[in-house]
Amino acid sequence: MKKVMMGNHALSYGAMLSRAQVIAAYPITPQTQVVELLSEMCADKTLNAKFIKVESEHSAMAACIGASITGARTFTATSAQGLALMHELLHWASGGRLPVVMGNINRSMAPGWSIWTDQNDSLSERDTGWMQFYCASNQEVLDTVIQAFKVSETLAIPSMVILDAFTLSHTYEVVDIPDKAKVDEYLPPFKPPYRLTPDDPHAFNGLTSPEHYFELRYKLQKDMEKVPALIEETGREYEKLFGRYLGLVDDYLCDDAEIILVTSGTAGYTARVAVDELRGSGVKAGNLRMKVFRPFPFEVVQRILKRAKKVAVVDRNISYGHHGIFAQEVKSALYGQAGDIPVFGFIAGLGGRDITPASFREVVDYTLSHDIPEDNILWIGVKK
Amino acid sequence: MPKKKDAKKIVFQSADEMPMMPMSIGSMLYNKTGSWRNIRPEIRLEDCIQCGICWKFCPDMSIGIENELPVVDYDYCKGCGICAEECPVKCIVMVEERK
Amino acid sequence: MKKEKKMTLTLPVEEYAGSGNLACQGCGAGLAMRYFLKAMGPRTVLCIPACCWAVIDGPYPHSSLSVPIYHCAFEAAASTATGVKAGLEMVGDDKTTVVAWAGDGGTFDIGLQALSGAAERNDDILYVCYDNEAYMNTGIQRSSATPYGAWTTTTPVKFFKNQPKKDINAIMAAHRIPYQATASISYPEDLFKKAKKAKGVKGTRFLHIYAPCPTGWKSRPEDAVKLGRMVIQNCIFPLYEIEYGEKYTLNIKVKDKKPINDYLKLQGRFRHLKPDDIQIMQEEVDRNWARLLKKCEAS
Ligand SMILES: Cc1ncc(C[n+]2csc(CCOP(=O)(O)OP(=O)(O)O)c2C)c(N)n1
Ligand code: SF4
Ligand code: SF4
Ligand SMILES: [Mg+2]
């Protein structure tokens with residue numbers, strides 16, 4: 001069935017089709033429609049779940065953690081300040097190996113108050129042990145929620161499904177809603193090996209001395225390393241059932257590209273307009289849209305980028321005192337690879353400033369006219 | 001819960017042995033807290049009125065009941081002295097622990 | 001030796017708290033758990049935030065309790081328990097009692113928001129606060145449950161705590177929860193009865209258990225039970241129940257109210273107090289007691 005819906009509702013549909021059993025959430029612009037629709041779905045029994053209307057995002061994540069350890073499939077959604085308020089609990093979820101799935105709408109962090117998009121909220125949670133999926137269409141949002149549950153539950157690692165504020169969260173697109181029975185086939189009920197129950201009593205998360213803590217973290221990393229292959233595998237499985245492949249990256253005309261624009265989120269589609277224009281004027285350009293950021297898909301990124309002569313990364317985020325975060329990570333992925341490909345790091349669109357085809361033209365002009373970048377950060381559109 | 005005598009401290013030798021979740025798989029009975037004691041309770045059973053008060057107030061579940069009489073479990077008794085203090089007929093005395 | 005009589009046991013013999021745990025000698029928090037679990041039985045899960053009990057239970061991969069525990073974030077006992085309850089129901093278990101078991105810091109201070117949220121929603125959880133009147137796990141710092149006059153490492157004797165203890169029971173009563181009660185480790189039968197009663201009630205229940213801490217109070221371990229008795233007899237910590245925030249029941253009607261001096265004398269944390277300071281404390285106790293009597297009479 002096809003339906004026109006906003007990105008936020010695509011998250012709700014994803015959670016509903018995945019048969020989330022416990023949802024705990026707190027409203028924040030621009031996430032509110034996610035939970036509004038889910039409360040409706042719970043009320044009219046489209047979804048058989050308990051919806052806990054908590055008094056904060058902190059309690060939302062705590063309740064999700066509590067529900068997940070009992071073996072219930074658990075979902076929440078938040079944005080920016082709400083995500084930051086959850087911060088401690090993100091570690092509790094991943095360290096406790098609980099496959100909570102959360103939608104996060106990328107919104108800029110206050111102050112000053114901003115409800116518009118950039119990625120500093122989710123990227124500030126980079127090292128919490130959550131998987132991060134950056135989406136670029138409402139269809140992808142819906143599909144990714146379902147896939148995220150599957151990957152999360154297989155490896156006991158939580159997932160964040162991320163979309164841009166307004167440019168995706170509030171944008172209406174046609175979305176194909178997968179058949180419920182087929183989703184059930186793809187995503188069987190959650191049956192964790194251990195859970196909180198008097199039938200099999202364990203104390204979870206007890207005081208862990210240096211004798212064992214290290215190994216628990218080693219295990220988390222080892223399981224994280226299994227994610228890329230599992231995403232490709234479950235992505236192909238998804239394609240078989242629903243006709244859409246869900247991979248680690250989405251590459252556009254990269255095969256013979258000499259200059260590759262690396263993007264994430266909705267900016268990816270804008271980049272493609274620029275790529276097409278460049279191709280029209282004889283420049284072999286391509287676009288690599290990073291979908292999965294954690295774990296970082298080193299192998300495919302290396303495989304695709306090492307064919308290029310120049311790489312330009314456009315970041316809608318910044319690590320103050322360093323540079324754009326995707327740029328850092330792409331550089332680290334290319335380190336030691338043959339060819340010593342120059343990576344140009346651009347920062348654009350902080351606080352919801354538009355990233356337009358013209359922004360990409362600027363990116364391309366600079367990249368084409370310089371052998372190496374003159375600076376670690378090349379600013380696009382800032383009034384210097 | 002394992003039997004007292006086979007209670008052992010669990011130390012994993014490799015990450016593979018560890019369950020995926022950070023969770024307990026054994027009891028604390030390996031931890032013989034009797035070694036914390038400086039003074040030990042001794043019960044003069046001939047004076048005991050079987051009121052059960054020492055059993056009731058022991059914070060360490062270290063007073064058992066055998067043949068309707070209290071028995072101290074010296075493996076775990078921490079020597080807090082509550083039993084002696086609360087015994088209404090003062091038939092429990094705390095004596096210096098011989099180390 | 002054999003005696004004709006049987007031992008008098010006023011509580012069930014089943015133990016769900018085990019020996020070998022890491023509680024200090026004479027720890028009231030240990031006793032509180034022991035009695036509480038006797039009342040709860042095996043179909044219980046505990047959510048324990050950071051507090052002494054997070055350590056007492058024992059290090060990974062061991063546990064001294066025979067009921068399951070979820071160790072959770074310091075400020076999140078109530079919200080975690082809410083999630084556990086919802087989760088258990090969704091996986092088909094509506095029999096298990098879900099308990100949040102927290103210290104005074106985790107209840108009166110950092111966990112108060114989550115507790116208030118759960119209580120306002122009347123989530124079906126049993127919240128227990130064992131109160132040792134300071135942050136003991138981190139080395140005896142003041143909490144808002146620390147009484148006036150007390151020394152802690154953050155309220156040194158020259159600047160002893162200058163504010164009275166927060167009235168958490170009034171705060172909980174303001175949420176109109178179906179059942180709440182105070183209890184002391186020195187009245188185990190009363191504690192047991194209240195825990196049983198709380199277990200049978202649906203909605204948010206709150207137990208506030210007085211749990212002397214020899215280490216933090218600078219008292220003798222053997223005095224722990226005595227101290228827990230004295231606070232009832234001098235009316236510092238009266239035993240009472242509240243239903244729906246309105247119906248107050250006094251469980252021990254103290255006739256011959258003892259002065260607080262003897263109680264204070266047994267604890268190093270009050271050693272520095274001058275007669276004037278003690279007078280201030282006594283007046284506070286008298287006022288609280290009179291107020292409680294009035295509430296009990298009114299309902
Ligand atoms: C967010 C956070 N802040 C601070 C701490 C440090 N901390 C751990 S336990 C504790 C005090 C606990 O006091 P209380 O709740 O009274 O329990 P008690 O230790 O006295 O039994 C503190 C401050 C923490 N674990 N988490
Ligand atoms: S001294 Fe304390 S721990 Fe030992 S038996 Fe008596 S009450 Fe129990
Ligand atoms: S510090 Fe106090 S509360 Fe904590 S274990 Fe020791 S006696 Fe018990
Ligand atoms: Mg405390």
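The values are calculated or read from the model by the stated rules, or taken from the named source; none is laboratory data. The structure presented is a predicted model; accordingly, all values stated were derived computationally and were not measured. Every residue, glycine as well, gets a Cβ built from its backbone with ideal geometry; the counts of neighbours run over all protein chains shown.
Here are some notes:
- Of all residues in the range A:292-341, those that are within 18 Å of A:D251 (Cα to Cα) and among the aromatic types (F, W, Y) total 4.
- Count of the range C:260-274 residues which are assigned to a helix (DSSP H, G or I) and either within 16 Å of C:C213 (Cβ to Cβ) or in contact (Cβ under 8 Å) with a residue 12 or more places away in the chain (or both): 7
- Here B:K78 passes the criteria (1) in contact with a strand residue (DSSP E or B) (Cβ under 9 Å, 6 or more places away or on another chain); (2) in contact (Cβ under 8 Å) with a residue 24 or more places away in the chain except the one numbered (1).
- Condition met for A:T76 (within 14 Å of chain C (Cβ to nearest Cβ), in contact (Cβ under 8 Å) with a residue 12 or more places away in the chain and within 23 Å of A:L17 (Cα to Cα)): yes
- The set of residues in the range C:118-148 being surrounded by fewer than 22 Cβ atoms within 10 Å (Cβ to Cβ), more than 9 Å from ligand 4 (Cβ to nearest atom) and within 13 Å of another protein chain (Cβ to nearest Cβ) consists of C:E120, C:R121, C:N122, C:D124.
- Taken over the range C:1-45, the criterion of being at pLDDT below 95 and more than 7 Å from chain B (Cβ to nearest Cβ) is satisfied by C:E4 alone.
- Test: residue in the range A:175-184 that is surrounded by 15 or more Cβ atoms within 10 Å (Cβ to Cβ), out of contact with any Phe, Trp or Tyr (no Cβ under 6 Å at 6 or more places or on another chain) and of a type in the set (K, R): no
- Residue match in the range B:57-70 (condition: on the phi < 0 side of the Ramachandran plot, more than 9 Å from every other protein chain (Cβ to nearest Cβ) and in a helix (DSSP H, G or I)): no
- Residues that are within 22 Å of the chain's Cα centre (by Cα) and facing chain A (nearest Cβ under 7 Å), drawn from the range C:85-102: C:T96
- Contact annotation: residue pairs with Cβ atoms under 9 Å, 6 or more positions apart or on different chains, pairing a residue in the range A:174-194 that is farther than 19 Å from A:Y13 by Cβ with a partner that is assigned to a loop (DSSP other than H, G, I, E, B) and of a type in the set (D, E), are A:Y194/A:D200.
- In the range A:294-339, the residue that is surrounded by the most Cβ atoms within 10 Å (Cβ to Cβ) out of those that are under 20 Å from the mean Cα position of the chain (by Cα) and in a strand (DSSP E or B) is A:D315.
- Residue in the range C:132-142 that is out of contact with any Leu (no Cβ under 6 Å at 6 or more places or on another chain) and away from ligand 3 (no atom under 16 Å from the Cβ) present: no
- Residue in the range C:206-229 that is away from ligand 2 (no atom under 16 Å from the Cβ), in a helix (DSSP H, G or I) and not hydroxyl-bearing (S, T, Y) present: yes
- Any hit, the range C:50-65, residues being more than 7 Å from chain A (Cβ to nearest Cβ), among the hydroxyl-bearing types (S, T, Y) and either touching an Asp or Glu at 6+ places or on another chain (Cβ under 6 Å) or surrounded by 24 or more Cβ atoms within 10 Å (Cβ to Cβ) (or both): yes
Quick grid of which residues meet (1) modelled with pLDDT of 95 or more; (2) over 22 Å from the mean Cα position of the chain (by Cα); (3) within 26 Å of A:P192 (Cβ to Cβ):
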residue	(1), (2), (3)
A:A24	yes, no, yes
A:T29	yes, no, no
A:E36	yes, no, no
A:I52	yes, yes, yes
A:E57	yes, no, yes
A:I65	yes, no, yes
A:I69	yes, yes, yes
A:T76	yes, no, yes
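- All positions within the range B:32-49 that are within 15 Å of B:R98 (Cβ to Cβ) and aliphatic (A, V, I, L, M): B:I39
- Among the residues of the range C:194-214, those identified as surrounded by fewer than 19 Cβ atoms within 10 Å (Cβ to Cβ) and in contact (Cβ under 8 Å) with a residue 12 or more places away in the chain are C:K196, C:K197, C:K199, C:V201, C:K202, C:G203.
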